[in-house]
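To keep things clear, I will list the structure first and then write my remarks on it.
The values are calculated or read from the model by the stated rules, or taken from the named source; none is laboratory data. No experiment lies behind these values; they were computed from the predicted model shown. Every residue, glycine as well, gets a Cβ built from its backbone with ideal geometry; the counts of neighbours run over all protein chains shown.
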Amino acid sequence: MNEETDMTALEDAARRLAPLLGDRVLAPDAAAYRETAALAFGTGTPALIARPRDAEEVAAVVRTAAETGAPFAVRGGGHSYAAVSSIEGGLVLDTRLMDAVRIDPGSRRGVAGGGTLAGRFTAAAAEHRLAVGFGDTTTVGITGLALGGGIGFLSRRDGLTLDNVLGATVVLADGNVVRADAGENAELFWALRGGGGNFGVVTELELRLTPTDAVTSGFLIFEPRAETVSALLEAAATAPDELSLMVNVMKAPPVPFLPAERRGTPIVVAVVCHSGRLDEADAVLAPFRAAGSLLADTVHAQPYPALLRAEEPGLHASIRTGFGGGLTLERAQAAIDLVARARSELAVVNMRPMGGAIGRVPAAATAFAHRSSPVMLSVVAVDRADAAGAAEWTGEAAVAAGLGEGPRYVNFIGEAVADAAGDAYPQPTLDRLRRVKRAFDPGNLFRSNINVEP
Ligand SMILES: Cc1cc2nc3c(=O)[nH]c(=O)nc-3n(C[C@H](O)[C@H](O)[C@H](O)COP(=O)(O)OP(=O)(O)OC[C@H]3O[C@@H](n4cnc5c(N)ncnc54)[C@H](O)[C@@H]3O)c2cc1C
């Protein structure tokens, strides 16, 4: 398609959608356009944004995209690192007006609109002392996160977010609305759990909830020593499932619990969350506290929703990711040295121990197959002004951390380059995803994502 045919397609799409959605179709001259188009990392420059409120309206937008041939993307919270949920000069289906949340404490299930953000769902579930783990950020969309994986502060206890998806309502490429769960459209249900936005628009997600009240959580901040990184990962390997954590080698942020002269210098941080009995937390955390020379310990009992933070807008991020066993001593030292040299305000080597409930799911049970990896490893740089500098640093840090050609976590892929899906999925998973794609989206309407080509 060229620019002229795109333009005609978009004019056609605008004409079709206006009578249906009224002021919920936004062109760049609309007052709310800028704010609505913005992504976590970027402005977003679609020609049209359609904001449906239910599955029927979503079906109309999907049919319009298919029939006009307008370049098309689907968005939720807009936190894709690869910025695939917007499309320059195209039509964006924005799911965020579908954010109703119903919690049923009796069956411990929650049903949420496909555009619900993690903070909203977490707060609604917490009113009933229930939770499902998302990531660490309130502003991430629960569907975008769940379709790729969802690793966070409850994952070793309850599994990834996708392991807690019980069913979904999906608008397919032909506009039909279907249910996908273990009994109905089971192959589609398999593909949705790890295969990303390739198969349709999720308008409703049903999630399993687990009793969760106060958790013991906070930061254990250490002097930057390679041995501390190793000791923390070793302790994680034998910790009970109730402990989920991240280990970061990063620059000290400007926080009141660290001396001012430490700011900007490397530290090792364990971000811990013990979601078992409060009176057992100290014993579980003892080997972590003993992992090195502590600079600060902010761990205390707090409500689970307090752990999730909003992402600050207006930043540039660069990320590289993979799986492995964590860092060797030599690599941990290289990471500390690299963090010391980073120019970006936030430069992190992030390790997320897996295992626990994540590791007990058979690799072929969902399209997230990396079940036996002990650690998810990522390097991230975030900058206000210098996107190129951030990318340069993550490139160097990826080499130092040993992030080679191995598989990547689809939600942390930073560029939707050709064959990005080949990096995200082992071959048997990719082959099966392709078969599902051919059955449900043979024309590849849903291609602005980490694309599984039919
Ligand atoms: C600051 C930050 C922190 C993060 N922390 C974590 C973390 O702790 N753990 C973790 O696992 N991940 C984390 N992520 C990654 C996050 O899971 C992915 O970026 C996820 O795709 C974001 O979903 P979204 O809806 O916000 O993004 P969007 O950019 O809106 O969407 C991303 C993809 O999902 C698809 N999609 C979204 N909604 C729908 C829908 N309703 N139907 C069909 N397809 C849909 C889109 O088409 C797109 O391909 C983080 C990302 C950021 C930026």
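Give the residue that is farthest from the chain's Cα centre (by Cα), with candidates limited to residues of region 177-201 that are crowded, with 16+ Cβ neighbours inside 10 Å and in a helix (DSSP H, G or I).
The residue in question is Leu188.
On the given criteria, is Gly152 under 20 Å from Thr203 (Cα atoms), within 13 Å of the ligand (Cβ to nearest atom), crowded, with 23+ Cβ neighbours inside 10 Å and among the small types (Gly, Ala, Ser)?
no
Just to be sure I understand, how many residues within region 233-247 are more than 14 Å from the ligand (Cβ to nearest atom) and either among the hydroxyl-bearing types (Ser, Thr, Tyr) or over 19 Å from Arg157 (Cβ atoms) (or both)?
2
Exactly one condition in (1) closer than 23 Å to Thr265 by Cβ; (2) charged (D, E, K, R); (3) at pLDDT below 95 is not met by Arg408; state its number.
(1)
Restricting attention to region 202-215, does a residue exist that is in a helix (DSSP H, G or I), touching a residue at least 12 places away in the same chain (Cβ under 8 Å), in contact with a Leu (Cβ under 8 Å, 6 or more places away or on another chain) and within 12 Å of the ligand (Cβ to nearest atom)?
No - not one qualifying residue is present in region 202-215.
When only residues in region 18-45 that are assigned to a loop (DSSP other than H, G, I, E, B) and of a type in the set (A, V, I, L, M, F, W, C) count, which is surrounded by the fewest Cβ atoms within 10 Å (Cβ to Cβ)?
It comes out as Ala31.
From (1) within 13 Å of the ligand (Cβ to nearest atom); (2) surrounded by fewer than 23 Cβ atoms within 10 Å (Cβ to Cβ), pick out the condition that doesn't hold for Ala124.
(1)
Filter region 65-114 down to the residues that are more than 15 Å from the ligand (Cβ to nearest atom), crowded, with 18+ Cβ neighbours inside 10 Å and basic (Lys, Arg) and list them by number.
Selection gives Arg109 alone.
Among the helices (runs of 4 or more DSSP H) contained in region 329-410, which hold 2 or more residues that are within 24 Å of Ala291 (Cα to Cα) and not hydrophobic (A, V, I, L, M, F, W, C)?
Here the list reads 329-341.
To keep it simple, each residue is scored yes or no on (1) over 16 Å from the mean Cα position of the chain (by Cα); (2) crowded, with 21+ Cβ neighbours inside 10 Å.
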{"site": "Ala357", "(1), (2)": "yes, no"}
{"site": "Ala364", "(1), (2)": "yes, no"}
{"site": "Ala367", "(1), (2)": "no, yes"}
{"site": "Arg371", "(1), (2)": "yes, no"}
{"site": "Ala398", "(1), (2)": "yes, no"}
{"site": "Ala416", "(1), (2)": "no, no"}
{"site": "Pro426", "(1), (2)": "yes, no"}
{"site": "Thr429", "(1), (2)": "yes, yes"}
{"site": "Arg434", "(1), (2)": "yes, no"}
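What's the number of the only condition in (1) over 14 Å from the mean Cα position of the chain (by Cα); (2) in a loop (DSSP other than H, G, I, E, B); (3) farther than 19 Å from Asn449 by Cβ that Asp174 fails to meet?
The failed condition is (3).
Go through region 65-91 and give me each residue that's β-branched (Val, Ile, Thr) and touching a Leu at 6+ places or on another chain (Cβ under 7 Å).
Scanning region 65-91 gives a single hit, Val74.
Filter region 222-232 for residues that are touching a helix residue (DSSP H, G or I) at 6+ places or on another chain (Cβ under 9 Å) and not polar (S, T, N, Q); which is nearest to the ligand (Cβ to nearest atom)?
It comes out as Leu232.
Within region 262-290, which residues are over 23 Å from Ser230 (Cβ atoms) and surrounded by fewer than 22 Cβ atoms within 10 Å (Cβ to Cβ)?
Matches in region 262-290: Arg263, Gly264, Gly276, Arg277, Leu278, Asp279, Glu280.
How many residues are farther than 21 Å from Arg34 by Cα and surrounded by fewer than 24 Cβ atoms within 10 Å (Cβ to Cβ) if we restrict to region 46-64?
The qualifying residues number 7.
Since Ala424 meets every condition but one in (1) at pLDDT below 95; (2) in contact with a helix residue (DSSP H, G or I) (Cβ under 6 Å, 6 or more places away or on another chain); (3) more than 16 Å from Phe323 (Cα to Cα), which condition does it not meet?
(3)
Pairs, please: C-beta under 7 Å, at least 6 apart or cross-chain, first residue at negative phi and touching a residue at least 40 places away in the same chain (Cβ under 8 Å) and in region 39-65, second within 14 Å of the ligand (Cβ to nearest atom) and assigned to a helix (DSSP H, G or I)?
Thr45/Ala37; Pro46/Ala37; Ile49/Thr36; Ile49/Ala37; Ala50/Val61; Pro52/Val58; Pro52/Val61
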